[in-house]
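Notes follow once the structure below has been shown.
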Amino acid sequence: MNRRDFLKFVGVASSASVLSSCGVEKSTEKIIPLLYPAEEGYIPGEAMYKSATCSECPAGCGVSVKVVEFNPVKLEGLKNHPVNDGALCLRGQASLMRLYHPRRVRGPLRPKKGGLVLDKMSGDMLEPVTWEVAYQSITDALKAARDAGKSNVYLSGRTSGSLSALIDSFSRETGVERLPEYEAFSHANLRAAYRAVLGVSSLPSYKVANADFLLTVGADILETFMNPVSMGQQLQRARETNNLTWIHFEPHVSLTGFKASERKILPPGSEAYLLSFLLNYFVGNQLAQNNLPANVRESLPDAPIEEVVRQTGMSEDELNQLAQRMGAARNPLLIVGGVSTQQKNGYETALLGALVQWVTGMTGSTVDFSRAEDYSKVGNVNDLTAFAQRLENEQIGVAFVTRTDTLFRTVPAQTRLSENFAKAAFKVAFVDILDQNDKELVKSYSEMYDLILPLSHSLESWGDAEVQNGLVNITQPVIAQTIFDTRSEGDILLELSRLYRGAESAVAYADWLKTRWTNTYGEAALTAALQTGYYQRPAGAVSLSLNSSGLVNALKNTELDSSSDGKVLYVVPSIRMYDGRSKDLPLTNEVPDPLSTISYGQWISVSEAAAGELGLDHNNLIHKQREVVRLESGGGAMELPAWVQPGMPDNIATIHREQVDPALLDVDPRTGETLTRIDGLSLSKTGANAVLAIMAGKVAQGDRKIIPSGHDDHGHHGHIKGDETLYPDPYDRYTEYRWGMSIDMETCIGCSACVSACYIENNIPCVGEEENVRGREMAWIRVQPYYNEEGGMDSLIMLCQQCDFAPCENVCPVYATYHNEEGLNVMVYNRCVGTRYCHNNCPYKVRRFNWFDWTDRGAWEEPMTRMLNPDIWVRPKGVMEKCTFCIQRIRKAKDVAKDEKRKVRDGEVIPACAQTCPTNAITFGNLLDQESQVFKKSQSEREFRVLEALGTSPAIHYLRKEEHA
Amino acid sequence: MRIIVPLILAAFFVVVALAIGGANVFWATYEDAPPQPVAFPHDIHAGNGVGQQNLPCTRCHLYVEESRFATIPPMSVCMECHGNMQSDKPEIIKLQQYWERQEPIPWQRIHSVPKHVYFSHKRHIKAGVDCAVCHGDMKVVTEVKKVRTLQMGFCVSCHRANAAPTDCWTCHH
């Protein structure tokens, strides 16, 4: 036999054996049936929607939980909810991860003290204890403290509704003192101002929707201030119906600022002068609707026009114009807050703001106290200082800390709370997530606490929240059993109280609540509220009056001047992390910051001038490397990589609140407000470099003409159209549907909620810092900021453009990506062999390649697999993936339409990104239907398509920003 | 050398023969009905012969007309009849014991499609496809086994024959 024959034989025999075993897939899978049919309305594989409340920040957005096969898989805003009407922010979308977080505390823990030498070598540890032992140790400690004459205290984050009532009754029954609540964003100055001016202790609802002129000073209304989702929605409504003009003043740079119709920069501290000018204007020109009594007018801080001009850097004409515009408006609204009220003269700024609101009559219209947010139990940093003093004097027995910053990492160091906290006799933390692999964290907890109790997630427990005056969100558990051995705060308190009193029968919090609800709302209203997810009373009329005597007192010790000659650091709230509480969620870390596109890590944003002054040279560094600078101020120092932020005023730098060393934070002793403006900043170059996970290659368009500007006069809206083509009209191929989208850049606020929603809807993995640095992020949709020379910024929402002539399609060697009859650029994942040609050929960089099997890499560590959307596959290693307009939702809508023997209606398919958008910037629909919203928008004067000159003919029609005079 | 080459060849063919044999045995057992924890006879329930109940499929597979999944019936559906029925048949006693323990029967899955495939029972039933097309005639089988490959070729040939959509994303996601 020769070599050739040998090979032939071997070849034939081998292929025969391979072929014969083809198609065999041995299945040993089990099917476990239910014991009983599930509840009414349950259909296997179909989604059920249940109402809940978002607990990621105090705004209290209503949430509709999509439950498939008994597992919550997606959160959406609750339609018609008075706060958020269907929309949700990026943190709200990500908050589902809190329920399934693999690092959730799985049962009560306590520090392991003493013991074997071996234990000491392995460092501090937390050991599990049973609930019985935990409860017993607390009741023992409560009694011991009582006998020793010490106070037992309860410190929580902002609490409302029934839980607040329960804490009160628990405190009474067990002799525990309820401390003022701690919120990092406590709005202490704002509240103090409203107390001084109007004698109220709550914060109003700002009715942006009713305004035709909006002036915001420092308040980051689109990021964290009060209820940003609601603000975004209301802005949109006001723009549509009232032709709103929005002017934003800020000393630094923020997303909110870029999204205002006009962004104006004020020197630090000069906000008070601007407001003082406005106040004088309205009082002096007899334009006031509510007059100020003489004694108040006399005690107003003196701000002559020359001083206002000097401080604000605005000319007298500009100032007068601004005041005139505001005076001419039918429904003006002024919102003062954020960084402007968190500085040395922040109290004065807030006071003057409240006075302007009173004088112009806003307090009766757009500044609505009938739907006020109750902050009466929320304290301020002074309360923590007092608490720390009591701790130092060893007056505290048991200290409960719950639903707040349990390690006091946002609390200014000068309160000396963290260092004294261990002096309480027995410390109990109520915690949901605690990474026990993080040695530092475990050490902090074991040093600070004697017991850690695991809290159930709000989706696992009954509860309510009084979001605004007369608006109560009702939450029912959407999951039958808690995932881990956790309990709700209500259940813990009821049980503790029972044990303390030695009472017999235990009451479950659910029953306690139902009794309370029935008594408060009545049977019928309760049933309705359980259906809708909230209960709303009509707003009662509120009569406000000027608190003259208190105001005169408050005005006595005011000092308007707080200017600074040197560099100033602003500690700003983060749209991704709020005050740091959302940092535990993988997704909030993965979604990039919309201004810098940085996802992971810490950084300081500096101006280009400051970078030049420091001699930072990023041009010679490779793409994602940045130079590390050292920042110093009276209190402390930090070393951070520097990001050059376009639009940043020269002497200003910013850092996010959750990233700052609390030693740098100061406190206003008058009101207990945390001062987030840090003066006397000195920056120096360290010479070291660090790598930052920056998503964007460039944040300027250069000559690329991605977004056309209205000023260009050549071509269609200054944009180059694709050349005429010899190919047949793509629309000939489409018969029933051509799915398309329009994205309005005028209304888009760049909040990145769409990005977050897309991750959850489409089972997109969070890949972590290292892979983000390598540019292997998996986001199907991204927010790309482009800064222009006029000082503005456009957020371009970039996702698969579903091109008619898609460059990706014709390079696929295996027909894994193809164009279907509905215009979609479909991706057949199981057919993809991973050549990545399509990715190379895509001019929009919207295709993502699975370099790894992310399930194996822990992207969905148990129990996170339970949040995977069963309507879409989890793509394995070596497969390309991308946006297909939430094809599973199109399929669902077509399924329903087919049942009813009709076509899919306009608005029936809403992709996850469009669904969660607070400003309805994204419209989706059928471009063949000339009555559809998306078709109408695609015919707009402002319409353009990205990189149209390439002839790709995308299905996403962007609407460029309107030209402002 | 003259002996070594045939030896290697012989050894190779032995290995190949074993592999083919093994695969065949495996395939044969695969095609066999896997042992179920309770030997449920479909013919007695669904058949229309003497002593058979002639129940429609939807009597037990409750969701097949409105859901993607036909689903194995909840145990309470079995007990609607078997709850009041005294029997000395060992399999019925087994069922009743499971019920008394309030323990679901861990059935062995027989029909499945890969995770990247979307299949809706509802759509097929509404289009008038008979259950037997994919599952075989359940009126005559005692033990359920897979009678169709349920692979893509099987699906597509039927889709083509009936002018059903063959766009990839109809089934793939």
Report the local net charge at A:Asp85: Lys and Arg +1, Asp and Glu -1, summed over other residues whose C-beta lies under 15 Å from its C-beta. +2
Over segment A:567-691, what is the mean sequence separation of C-alpha contacts under 8 Å (at least six apart), divided by residue count, expressed as relative contact order in percent? 38 percent
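Using the eigenvalues of the Cα gyration tensor, what equivalent ellipsoid semi-axes result for segment A:764-889 when each is taken as the square root of five times the eigenvalue, whole Å, largest first?
So the three semi-axes of segment A:764-889 are 24, 22, 15 Å.
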Over all distinct Cα pairs, what is the inverse of the mean 1/r for segment A:188-373, reported as the Kirkwood hydrodynamic radius in Å? 16.2 Å
Lysine-lysine proximity count for chain B, Cα under 25 Å, sequence distance 8 or more or distinct chains: 14
With the contact rule set at Cα under 8 Å and sequence spacing of 6 or more, what percent relative contact order holds for chain A? 15 percent
The ³J(HN,Hα) series, computed from each phi in segment A:763-777 with the Karplus coefficients 6.51, -1.76 and 1.60 at θ = phi - 60°, rounded to the nearest Hz and given as x for glycine or proline, is 6, 8, x, 8, 9, x, 4, 4, 6, 5, 4, 6, x, 9, 4
Amide H of A:Asp464 versus every other amide H placed in the peptide plane: which residues, excluding those fewer than 5 positions away on the same chain, fall under 5 Å? A:Ser162, A:Leu163, A:Thr475
Per the rule of 0.36 nm per residue minus the C-alpha distance, extending A:Asp895 to A:Gln436 adds in nm 160.7 nm
With θ taken as phi - 60° and the coefficients 6.51, -1.76 and 1.60, list the Karplus ³J(HN,Hα) couplings across segment A:362-372 in order, rounded to whole Hz; mark glycine and proline as x. 5, 4, x, 10, 7, 9, 9, 8, 6, 10, 5
One quarter of the C-alpha convex hull surface, i.e. the mean projected area of segment A:279-346 in nm², amounts to 5.6 nm²
Computed over all unlike Cα pairs, the Kirkwood hydrodynamic radius of the protein assembly as shown in Å stands at 33.1 Å
Before anything else, pin down the relative contact order of segment A:737-959: Cα pairs under 8 Å, at least 6 apart, normalised by residue count, whole percent. 31 percent
Any idea what % of Cα-Cα pairs in segment A:355-457 are farther than 22 Å? 46 percent
Within segment A:753-829, GluC sites (Glu not before Pro) in DSSP loop having at most 11 other beta-carbon neighbours inside 10 Å: A:Glu789, A:Glu790
For B:Phe119 paired with B:Lys139, estimate the spin-label separation in nm (one decimal), with each label point 7 Å from Cα along the Cα-to-Cβ line. 2.3 nm
A correct Karplus calculation of ³J(HN,Hα) over segment B:105-117, with 6.51 cos²θ - 1.76 cosθ + 1.60, θ = phi - 60°, whole Hz and x for Gly and Pro, returns 6, x, 5, 8, 6, 10, 9, 7, 10, x, 5, 8, 10
So what is the calculated 222 nm ellipticity per residue for chain A, using -39500 (n - 2.57) for each DSSP H run with n of 4 or more, over all residues, to the nearest 500 deg cm²/dmol? -8500 deg cm²/dmol
As an exercise, find the ratio Rg/Rh for segment A:29-151 from alpha-carbon atoms, using the Kirkwood inverse-distance average for Rh. 1.15
Of the listed pairs A:Lys30/A:Lys79; A:Lys207/A:Lys937; A:Lys50/A:Lys901; A:Lys583/A:Lys882; A:Lys892/A:Lys961, which have alpha-carbon separations greater than 30 Å here? A:Lys30/A:Lys79; A:Lys892/A:Lys961
Among the lysines, which have Cα under 29 Å from the Cα of A:Lys143 when same-chain residues fewer than 8 positions away are ignored? A:Lys112, A:Lys113, A:Lys377, A:Lys423, A:Lys427, A:Lys443
For a bin width of 5 Å, list the pair-distance distribution of chain B built from all Cα-Cα distances, rounded to whole %. 1, 6, 11, 16, 15, 13, 10, 8, 6, 4, 3, 2, 2, 1, 0, 0
Can you give the local net charge around A:Ser582? Use residues other than it whose beta-carbon is closer than 11 angstrom to its beta-carbon, Lys and Arg +1, Asp and Glu -1. +1
Say each of A:Lys583 and A:Lys903 gets a label point 7 Å from the Cα, pointing the same way as Cα to Cβ; how far apart are those two points in nm? 5.3 nm
Given H placed on each backbone N at 1.01 Å, which residues far from A:Asp929 in sequence or on other chains put an amide H within less than 5 Å of it? A:Arg738
Per-residue Cβ counts within 10 Å, from other chains only, averaged over A:33-43: what number is that? 5
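The numbers here are math on the coordinates, done by the rules we state, and not lab data. As the structure is a computational prediction, the values presented were derived from the model and not from experiment. Backbone-built Cβ (ideal geometry, glycine too); neighbour counts: all protein chains shown.
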